[in-house]
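The values are calculated or read from the model by the stated rules, or taken from the named source; none is laboratory data. What you see is a predicted model, and the numbers here were worked out from it, not measured in a lab. Cβ placement follows ideal geometry from the backbone for every residue including glycine, while neighbour counts extend to all protein chains displayed.
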Amino acid sequence: MEKDFHKEFSNCPSCGSEDRFLEQLGNELKERGLARPEWSFHMDVRQGVVLDPTKEAALPIGSEIPGYAFKTDICMGCGCIYATDITRADLKKQVMPPQIIPPNRAQRRRDAREFPFSSS
Ligand SMILES: [Zn+2]
């Protein structure tokens, strides 16, 4: 598979209808000004990676991992649920940001003495 693989499907693979349930509901909301014009409506949008979690720790920072993203909708002609858009979206392993641990109660009391005008 190519790294920039992306494919959209404009009609139902079963009956050929182009009418999609969620897409049409979304269009009605847009016409009434209740949804933003740039929004797209789907039954489901999912993305993730294909990876054995026990192997992840051994991967060096910067490694690329095959990732997927897809959108689905329901055909109004026959009820078939099908992918309207499938995309390969590789992810790079990154350094996790350090966790911020809140100060304990004693530390907070000391801080309060040092900063008597704090709002807390
Ligand atoms: Zn159909």
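The table below gives the values:
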| item | result |
| --- | --- |
| Residue list for the range 44-65, filter: surrounded by 11 or more Cβ atoms within 10 Å (Cβ to Cβ) and of a type in the set (Asp, Glu) | 44, 56, 64 |
| The range 5-19 residues that are touching a residue at least 12 places away in the same chain (Cβ under 8 Å), paired with ones that are near the ligand (Cβ under 9 Å from one of its atoms) and of a type in the set (A, V, I, L, M) (beta carbon under 6 Å, 6 or more apart) | 19/76 |
| Filter result (free of Cβ contacts under 8 Å to residues at least 40 places away in the same chain and aliphatic (A, V, I, L, M)) within the range 47-83 | 50, 51, 57, 58, 59, 61, 65, 69, 81 |
| Unmet requirement for residue 70, which otherwise passes all of (1) more than 22 Å from residue 2 (Cβ to Cβ); (2) aromatic (Phe, Trp, Tyr); (3) surrounded by 15 or more Cβ atoms within 10 Å (Cβ to Cβ) | (1) |
| Filtered residues of the range 6-17 (kept if more than 9 Å from the ligand (Cβ to nearest atom) and either surrounded by 12 or more Cβ atoms within 10 Å (Cβ to Cβ) or more than 12 Å from residue 82 (Cα to Cα) (or both)) | 6, 7, 9 |
| Selected residue (only one of 41, 21 is more than 16 Å from the ligand (Cβ to nearest atom) and either surrounded by 13 or more Cβ atoms within 10 Å (Cβ to Cβ) or at pLDDT 95 or above (or both)) | 41 |
| Test: residue in the range 53-65 that is away from the ligand (no atom under 16 Å from the Cβ), among the charged types (D, E, K, R) and outside any strand (DSSP E or B) | yes |
